[in-house]
Amino acid sequence: MSDKHHLRSRFEKNMDDLVRDYTASIPFDRRLYRQDIAGSIAHAKMLARQGIISDKDAELIVMGLVSIREEIEGGKLQFKAELEDIHMNIEARLAEKIGDVAGKLHSARSRNDQVALDLRLYARHAIAQTNASLKELQTALLDVAEANIDVALPGYTHLQRAQPVLLAHHFLAYLEMLQRDVERLKDCLKRTDVMPLGSGALAGVPYPIDRVSVAKELGFAEISRNSLDAVADRDFVVEYEAAAALTMMHLSRLAEELILWSSAEFGFVEMDDAYATGSSIMPQKKNPDVAELARGKTGRVYGHLVAMLTTLKGLPLAYNKDLQEDKEGFFDTVDTLNNTLRIFAAMVRTMTVNKERMLQAASDDVLLATDIADYLVRKGLPFREAHSVVASLTRHLIEKGMSFRGLTLEEYKAFSPLFDKDVFAITVASSLAARDVPGGTAPVRVKAALAEARERVAGH
Ligand code: ARG
């Protein structure tokens, strides 16, 4: 058993090794070292400003902390499980470096408000990273949409060919989903950007501290209003994880489409070799593994959200050790989401768009059935009747193994006298152009939507 340290001075026995490892968070909260050191530096400076410790002591503490950060970044600090967590590991190292003065850093502070601060600093950083990655993917979607502005493909409902749409319109749908994700994260930031230090263990601290100046130093928008809530609150973790779950759901839908589109049955896109793998026994295979894995990883991100909600459910105020369970799921969510976004941006950018296959599929003239019904409506037929005329026309074509294109005007007229030779002007292009409404797939609308989306993405 390792050395007893001061946290155990109340106890007669040392901790069992298994219990030590069970309760330690250092294997994963070491990731918070930068936030922990930044928070401690701000705290030490404030203590000196308020005359709670001397300027000289604060200087020593700050210098010590800066050199510990360098040690950690150089891989030179050995973390110890018996020191439980990142906070104790850094504090113990500080004591080795500067002696008893190190003990003054923890005046007017508890690990409970310290860990809340560290996690909020980390979450703030994670939100910024995720927003940057969302922007990267949005930009890639816009670039591919613009490069293929003349490409139409079938739009589907029930995965059945429905009406032609522009590929750019299709990608702009994903851009909107990601835009909502950006806004959700921005909103989550408001409740994350709150400084909890000064709450102490749970009740506040009996020192003349200046919380607002610490918040300012660390760039927080505001300070927490209730000490009990501040050390017990992990809503911001739940909010990030919920936003992440939604983004992963969006990415999973995109993944699913790209996987389908990569199949021989669709043949709409081909992933670049860097984003696909081969099969160990079937030499012809090129699997869209990256997209599949992203679809699969969506499950673990949902899992982290449910795990966090479950951990918080029924927890009495204020801090409880259960809260230590907030970190692994959160870190994994941040990593999974940010990596998936970045990889998707590159994957979308490098995939080959098979324009010919898309246009060929779009020229399946059953896609024009609605337009032919709309044609009859323009000639005065109520839409429901027009629908039924075109339905019997379609049934006739299927029986004969024909398409609209093969019909003569006489054949059209046999189904409705309203048909005239201008029915032949109905094409994929006319179908697209006709959907000239805000949010529609008419090329003029899509071009305007692209320009507008560019501006929105540049603005965040
Ligand atoms: N490692 C702990 C955590 O992650 C830090 C806070 C510990 N506080 C306590 N009273 N034991 O939650």
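Just so you know, all these numbers are worked out from the coordinates, no wet-lab data involved. Please read all numbers here as calculations on a predicted model, not as lab measurements. Don't worry about glycine lacking a Cβ; one is built from the backbone with ideal geometry, like all the others, and counts go over all protein chains shown.
Residues of the stretch 408-426 with an amide N closer than 13 Å to a point placed 7 Å from the Cα of Ser392 along the Cα-to-Cβ direction: 412-418. Dividing the summed -39500 (n - 2.57) terms of all DSSP H runs of n ≥ 4 by the residue count of the chain sets its mean residue ellipticity at 222 nm at -20000 deg cm²/dmol.
Taking label positions 7 Å along the Cα-Cβ direction at both Lys355 and Ala201, the computed distance is 7.1 nm, reported to one decimal.
From the alpha carbon centroid of the stretch 17-90 to that of the stretch 114-180 is 39 Å.
For Gly155, the residues 5 or more places off, or on other chains, whose built amide H falls under 5 Å of its own are Ala162, Gln163, Val165.
A Förster distance of 56 Å, applied to the separation of the beta-carbon atoms of Arg30 and Val437, puts the FRET efficiency at 0.55. Using the Cβ-Cβ distance between Met249 and Asp55 with R0 set to 60 Å, the FRET efficiency from 1/(1 + (r/R0)^6) comes to roughly 0.70.
Each label point was placed 7 Å from the Cα along the Cα-to-Cβ direction; for Thr310 and Val212 their separation is 4.4 nm.
Based only on other Cβ atoms within 10 Å, what is the fewest-to-most ordering of Ile68, Ile426? Mind dumping the intermediate values first?
Numbers: Ile68 23, Ile426 18.
In order of increasing Cβ crowding within 10 Å: Ile426, Ile68.
Put a dot 7 Å past the Cα of Val19, heading toward its Cβ, do the same for Ala221, and the two dots end up 4.4 nm apart.
Panel values: the stretch 1-130, Kirkwood radius from alpha carbon pairs, Stokes-Einstein at 25 °C and 0.890 mPa s, translational diffusion coefficient 158 µm²/s.
What net charge do the residues around Ile68 carry, taking every other residue with its C-beta under 10 Å from that of Ile68, with Lys and Arg at +1 and Asp and Glu at -1? Intermediate results must be reported in sequence, preceding the final value.
Details: positive: Arg69, Lys76, Arg93, Lys97; negative: Asp36, Glu70, Glu71, Glu73, Glu91, Glu96.
Cβ neighbours under 10 Å give a net charge of -2.
The ranking of Ser227, Ser9, Ser430 by Cβ neighbour count inside 10 Å, starting from the fewest, reads Ser9, Ser430, Ser227.
Residue order for Leu246, Leu376, Leu293, fewest other beta carbons within 10 angstrom first, comes to Leu293, Leu246, Leu376. For the pair Glu411 and Asp335, a Förster radius of 56 Å applied to the C-beta separation gives a FRET efficiency near 0.35, rounded to the nearest 0.05.
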